[in-house]
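Q: Please see the structure below; I have some questions.
The values are calculated or read from the model by the stated rules, or taken from the named source; none is laboratory data. None of the values given here were measured: they were computed from a predicted structure. As a convention, Cβ positions derive from the backbone with ideal geometry for all residues, glycine included, and neighbour counts pool all protein chains shown. Surface accessibility is based on the protein's heavy atoms, side chains included, excluding ligands, DNA and RNA. Shrake-Rupley method; radii C 1.70, N 1.55, O 1.52, S 1.80 Å.
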Amino acid sequence: MSAFNLASFIANNNQDEAQKILHNAMKSFDNIAISFSGAEDVVLIDMAVKANKNVAVFSLDTGRLHPETYRFMEQVRQHYNINIDILSPDREALETFTRHKGLFSFFEEGHKECCGIRKVQPLKRKLATLDAWITGQRKDQSPGTRNVLAFAEKDSAFSHDEKTLFKFNPLANWSSEDVWNYIKMFDVPYNELHAKGFTSIGCEPCTRPILPNQHEREGRWWWEESDNKECGLHVGNLIPTAQP
């Protein structure tokens, strides 16, 4: 792969549809993968599979997901006939954490430490093997953290001095309605929890259905008083992103 020019990519794709942004990102990098967990991500998988049958996909298994989510992951694997790289937490780190803190420390101490072990560290190990990754983030998902989300950016959280990691968010300008219109139009699989009032779906203890007129992220870590409803996977959303 030749040196990737982020500024040129943004200039050439700024008015393009999400599908074209996704396809151009995949053309720009051989070593690129889609991060899969929710409805937006399956939209991306659907788009990518139609363009490239060898699309790489990975997902985080925290060990605390809903049974419906595990069934959903298998449904997606079979529906698209793809391999999904399932990432698990480090066994020793997790055992030490639960031995000292128990299984529900996040209700008293906040979710950051638990998410760090179950989600962030496995993701960090995976991203160290990639040159770029693709996410289903949308600007309107989380007020205060994703409202200035770019569709292409340097990943400030997981890059380091020896390597720059790039991140693509093709659905940045989409709404929830856009996502579900696509799902219905193309018969895309989705987590059955959505039919039970769940919108943003994470670990079972940390996710609940939302009430009418609540924002979709209100069902995540509801016991915490914070507008920054992030687990650390997209920690770059919480700090200014460097200009290309």
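Q: Going by what's in this entry, would Asn83 be described as open to solvent by 60 Å² or more (accessible area, probe 1.4 Å), of a type in the set (S, T, N, Q) and either under 17 Å from Ala132 (Cα atoms) or touching a residue at least 24 places away in the same chain (Cβ under 8 Å) (or both)?
A: Answer is yes for this residue.
Q: Anything in the range 161-192 that is open to solvent by 100 Å² or more (accessible area, probe 1.4 Å) and not in a loop (DSSP other than H, G, I, E, B)? List them, or say none.
A: Across the range 161-192, the qualifying residues are Glu177, Lys184, Met185.
Q: Take the conditions at positive phi and at pLDDT 90 or above and apply them to Asp187. Does it pass?
A: yes
Q: Do you know which of the residues in the range 8-49 that are among the charged types (D, E, K, R) and part of a loop (DSSP other than H, G, I, E, B) is least open to solvent (accessible area, probe 1.4 Å)?
A: Only one residue fits best here, namely Asp16.
Q: Something else: On the given criteria, is His66 open to solvent by less than 20 Å² (accessible area, probe 1.4 Å), more than 16 Å from the chain's Cα centre (by Cα) and at pLDDT 95 or above?
A: Against the criterion (open to solvent by less than 20 Å² (accessible area, probe 1.4 Å), more than 16 Å from the chain's Cα centre (by Cα) and at pLDDT 95 or above), His66 qualifies.
Q: Please go through the range 193-228 and give me each residue that is in contact (Cβ under 8 Å) with a residue 24 or more places away in the chain and open to solvent by 80 Å² or more (accessible area, probe 1.4 Å), ordered by number.
A: Once the filter is applied, which keeps residues that are in contact (Cβ under 8 Å) with a residue 24 or more places away in the chain and open to solvent by 80 Å² or more (accessible area, probe 1.4 Å), the range 193-228 yields Glu204, Asp227.
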